[in-house]
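Have a look at the structure below, then the notes.
The values are calculated or read from the model by the stated rules, or taken from the named source; none is laboratory data. From a predicted model like this one, the values you see are computed outputs, not experimental measurements. Positions of Cβ are backbone-derived with ideal geometry, glycine not excepted, and every protein chain shown enters the neighbour counts.
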Amino acid sequence: MKRTARAFWIDRPGEGRLRETVLPEPADGDVVVRTLWSGISRGTESLVFRGGVPGSQHAQMRAPFQEGDFPAPVKYGYLNVGEVEEGPSDLLGRTVFCLYPHQSRYVVPATAVTPVPDSVPAGRAVLAGTVETAVNALWDAAPLIGDRIAVVGGGMVGCSVAALLTRFPGVRLQLVDADPARAEIAAALGVDFAAPEDALGGCDLVVHASATERGLARALDLLTPEGTVVELSWYGDRRVGLPLGEAFHSRRLVIRSSQVGTVSPARSATRGYADRLALALDLLADPRLDALVTGECAFEELPVVMPLIASGRIPALCHRVRYPQTP
């Protein structure tokens, strides 16, 4: 009997549905995974759902197990936690993380899954892909003891970066966001919060993750001379204007891009993708990171919920998707 599963597909920009799919027969070295939870990375997945991926970035934006092509129809996503039902004995029955879309069951090579440590609840492990982005950003940023640091943009990525930065000794750290509701999340993470107009200047390092032109301009304002902005935002097909006149050159400011598709050059000689993801999962033993999961729905509700997330009517950081717990 052929195995079947259900998957969430974007049929056209702004509209999605659940489709039934036939799974391939597992080959030697494959695993069959039954999904327990998946996560919606609101910024990127909303952009994909709206059809906002520019043509020049279609190849670069492909998720590892994406099916279809941008703008649609496409099956997209990369935060999946499940239980191995079939596969090598050392993985059988294990909870694993995989960069797989929203689908109830799937077959992938065993090398594509990473075991979730016993210290990390399965529901929290959906954050692994985002914490991995934060790890790479901090490898790029290379903060130092005692640095004055701001994280501008209290979304899923920005909050993950801020949470990891609380472990650095002696830093002055603020999470900066225009939404006062982010103050509660900052408090749960143990991070000082400020509105953009109240943020402390003189920063050695600013990590920008608001995906807004105004946020990036404010990030530059907050720097001390010769300070650096590490840019994590993905703007899709939007153009961004920056104040690169005025004192930008005289203050010798730096804007540096960072993205998770490549291991940071600072660590690429000694660390690979698997090392980075395993580290992110280890870091998720911190229960404070539960604050990043701000919404939840059943898998069956995803076609209704996704448009609400993409439009901002559900203002989630990570919206967690719950799958039926029976085989």
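Some observations on this one:
- Of note, residue 162 does not satisfy the criterion of being part of a helix (DSSP H, G or I) and either over 27 Å from residue 48 (Cβ atoms) or β-branched (Val, Ile, Thr) (or both).
- Residue within the stretch 221-243 that is among the polar types (S, T, N, Q) and loosely packed, with under 12 Cβ neighbours inside 10 Å present: no
- In the stretch 299-321, residue modelled with the lowest pLDDT [restricted to those that are under 28 Å from residue 211 (Cα atoms) and charged (D, E, K, R)]: 313
- Some residue of the stretch 62-70 being closer than 22 Å to residue 108 by Cα, at pLDDT 95 or above and among the basic types (Lys, Arg): no
- Check on residue 263, assigned by TED's automatic domain parsing to the domain that holds residue 49 and β-branched (Val, Ile, Thr): no
- So residue 291, is it within 20 Å of residue 318 (Cα to Cα), in a helix (DSSP H, G or I), out of contact with any Asp or Glu (no Cβ under 7 Å at 6 or more places or on another chain) and at pLDDT 95 or above: yes
- If you go through the stretch 106-138 and keep only what is in contact with a Lys or Arg (Cβ under 7 Å, 6 or more places away or on another chain) and surrounded by 20 or more Cβ atoms within 10 Å (Cβ to Cβ), you end up with 126, 132, 135, 136.
- The stretch 250-285, subset in contact with a helix residue (DSSP H, G or I) (Cβ under 7 Å, 6 or more places away or on another chain) and in a loop (DSSP other than H, G, I, E, B), residue farthest from residue 109 (Cα to Cα): 253
- The criterion of at least 3 residues that are polar (S, T, N, Q) is met, among strands (runs of 3 or more DSSP E) falling completely within the stretch 1-112, by 30-41.
- Leading residue by the ranking (surrounded by the most Cβ atoms within 10 Å (Cβ to Cβ)) among those in the stretch 19-41 that are under 27 Å from the mean Cα position of the chain (by Cα) and among the small types (Gly, Ala, Ser): 39
- Being in contact with a Ser or Thr (Cβ under 9 Å, 6 or more places away or on another chain), surrounded by fewer than 23 Cβ atoms within 10 Å (Cβ to Cβ) and farther than 30 Å from residue 303 by Cα holds for only one residue in 148, 172, and it is 148.
- Whether a residue is closer than 20 Å to residue 41 by Cα and either out of contact with any Pro (no Cβ under 6 Å at 6 or more places or on another chain) or modelled with pLDDT under 95 (or both) was assessed, and residue 108 does not pass this test.
- The lone exception for residue 210 - which of (1) part of a loop (DSSP other than H, G, I, E, B); (2) without any contact (Cβ under 8 Å) to a residue 12 or more places away in the chain it fails: (2)
- Scope the stretch 180-205; condition aliphatic (A, V, I, L, M), within 20 Å of residue 292 (Cβ to Cβ), at pLDDT 95 or above and out of contact with any strand residue (DSSP E or B) (no Cβ under 6 Å at 6 or more places or on another chain); matching residues: 185, 187, 188, 189
- Matching entry among 50, 62 (being farther than 18 Å from residue 3 by Cβ, without any contact (Cβ under 8 Å) to a residue 24 or more places away in the chain and out of contact with any Lys or Arg (no Cβ under 6 Å at 6 or more places or on another chain)): 62
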